[in-house]
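Read the figures in this text as sums done on the coordinates, not as results from a lab. In this text, all values refer to a predicted model and were calculated from it rather than measured experimentally. Backbone-built Cβ (ideal geometry, glycine too); neighbour counts: all protein chains shown.
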């Protein structure tokens with residue numbers, strides 16, 4: 001072997017070895033605590049060895065024909081590995097490390113100026129931009145997202161011009177997806193808005209902190225694992241991250257240093273002079289990730305983010321996480337899906353007026369279905385027939401699929417052997433509460449034969465009340481949303497209203513009443529956030545002091561993420577109660593099971609006064625009716 005060939009051949013051998021290891025871990029599931037950790041360690045080590053080798057022998061490799069895009073591909077693989085670890089562990093450092101490598105590829109223009117006529121290289125560059133966009137989205141790097149979107153759009157146009165025989169329709173859809181996403185997400189429309197993540201400076205309330213610190217239930221449950229699933233037709237998404245899942249994902253993470261969302265990376269400099277990364281240097285600042293994370297924060301809860309899973313896959317993921325949960329832990333399960341197959345969002349709306357009152361500006365409730373949200377039900381004195389009982393479920397499947405895509409409330413019961421915090425966002429969410437049914441003269445098995453023969457009513461506990469272990473905590477969305485502007489109710493355009501309230505309550509409130517959000521109104525919005533913070537602080541104190549607080553709520557009240565979701569639910573319920581219809585209003589209200597203390601019901605002064613204050617401040621009081629105001 002000639003001496004000049006040693007370095008290139010060693011490099012190629014390292015590339016092939018790293019690629020083989022990468023292929024083994026690429027399709028590993030992104031859930032479970034022990035899934036292939038040994039392999040991940042090996043592949044990380046292999047790529048770091050490869051990266052270091054190309055740095056130390058850059059001149060010889062370039063002389064032997066190494067292309068800049070090949071260096072970019074190695075850095076991209078490392079970024080991919082870090083992002084995969086973030087999705088498996090929710091570790092903030094892995095996400096930031098991924099960003100550091102992707103940003104370096106962009107700034108050093110590894111793919112630019114390469115083989116313009118090489119279609120294979122162009123596809124690598126397209127995939128790099130798409131992956132970098134996903135990482136930047138989750139990190140809320142709004143400025144870099146806008147830059148990369150423009151580069152991706154320009155590259156797609158260039159590819160269409162240079163490779164006319166190749167169809168780039170899928171990449172045009174990718175561009176459309178990201179443009180739609182950033183035009184809706186308030187992180188981009190209002191850059192100075194509060195982050196979705198839990199910020200110790202903004203989300204912890206000094207007046208209630210001492211009560212929370214002193215609060216002790218008989219047993220404290222630790223929140224360490226979550227399943228986040230969204231399945232709607234035509235919902236806003238980018239790649240396999242839907243808008244609702246994106247909001248909930250960030251809602252269950254810490255905001256580093258309380259100011260990370262305002263941090264913009266400075267141009268890299270050496271001795272005060274800006275560095276031009278277009279040259280041969282391959283160094284990447286590995287210390288930058290440490291500067292962008294906060295070592296004082298606890299680890300994020302692990303999250304399995306599922307995009308359009310089958311029912312069996314969802315159950316398998318939940319079973320794996322339940323099996324691996326540490327003792328005295330609770331699992332959060334967020335399920336967002338339609339209640340029936342083939343639902344599409346229609347323009348039909350209902351006016352939310354009523355004989356009880358009139359208002360200057362009527363809010364309307366959007367009926368998100370062309371047909372009724374559940375199968376036809378027979379009612380006698382408002383009680384369901386048994387034959388309709390199994391018509392309530394979540395639909396996880398493509399249009400026209402069979403019953404195997406039905407997720408019934410009973411499917412969740414086996415997981416209640418461990419503590420469970422369940423959020424159901426669906427037009428069929430109330431299927432998860434206990435139902436009163438009537439059996440009319442027909443047997444449904446030996447157990448209910450006598451009841452059937454006597455035409456008696458029977459209370460059936462579908463999930464709440466049927467747990468196999470401790471009580472499950474349930475937050476159930478309204479069956480229909482309320483909006484001043486009917487077009488805003490289209491979940492395929494704006495995401496779910498209930499999820500929006502749980503993850504960004506002020507923005508959801510403004511969106512509901514049609515209050516325009518912009519950076520020009522930041523003083524008004526900051527004052528509104530202060531009103532909410534004061535209210536949430538009072539409600540936390542009441543929760544801590546309440547003797548009637550159910551044990552399951554008491555056991556999770558010490559967790560900042562779950563406590564924040566609970567008080568935001570109280571706010572959401574109070575707001576919707578103030579605008580709901582007199583007749584059939586239950587379908588417009590969220591539910592919690594077990595019930596929270598009556599001292600925090602929507603009509604109590606401590607709750608209603610905060611909604612009144614917020615509505616007055618934003619000058620939207622005409623949208624509400626307050627019975628005792």
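Sorting 624, 128, 181, 28 on the 10 Å Cβ count, fewest up front, what's the list? Numbers along the way, then the final one.
Details: 624 20, 128 26, 181 23, 28 15.
With the fewest neighbours first, 624, 128, 181, 28 line up as 28, 624, 181, 128.
Sort 242, 604, 312 so that the residue with the fewest other Cβ atoms within 10 Å of its own Cβ comes first and the one with the most comes last.
Values: 242 27, 604 15, 312 12.
The order, fewest Cβ neighbours first, is 312, 604, 242.
What's the ranking of 129-136, 6-13, 407-414 by average number of surrounding C-beta atoms within 10 Å, highest first? Could you put the intermediate results ahead of the total?
Numbers: 129-136: 22.8, 6-13: 14.4, 407-414: 19.0.
Ranking the peptides 129-136, 6-13, 407-414 by packing returns 129-136, 407-414, 6-13.
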- Proportion of all alpha-carbon pairs of the range 1-91 beyond 17 Å (%): 50
- Message: Considering the Cα positions of the range 501-629, please state its Rg to one decimal place and its Dmax as a whole number of Å.
- Response: 14.7, 45
- Task: Based on the mean of other Cβ atoms within 10 Å per residue, sort peptides 558-569, 204-215 so the most packed one is first.
- Result: 558-569, 204-215
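Going by a ≥ b ≥ c, the root eigenvalues of the Cα gyration tensor, does the range 48-127 fall in the rounded group (a/c under 1.5), the prolate group (a/b larger than b/c) or the oblate group?
Working: a/c = 2.55, a/b = 1.50, b/c = 1.70.
Oblate, since a/c reaches 1.5 and b/c is not below a/b.
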- In which sequence would 235, 170 go, from the one with the fewest C-beta neighbours within 10 Å to the one with the most? 170, 235
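Using per-residue counts of other Cβ atoms within 10 Å, averaged over each peptide, order 607-619, 72-84 from highest down. Intermediate results must be reported in sequence, preceding the final value.
Details: 607-619: 18.6, 72-84: 22.6.
Most protected by this proxy first, the peptides run 72-84, 607-619.
Rg over Rh of the range 3-191, using C-alpha atoms and the Kirkwood radius, what does it come to?
Working: Rg = 17.7 Å, Rh = 17.9 Å.
Ratio of gyration radius to Kirkwood radius: 0.99.
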- Expected unfolding gain across residue 20-residue 209 under the 0.36 nm per residue rule, minus the alpha-carbon gap, is 62.9 nm
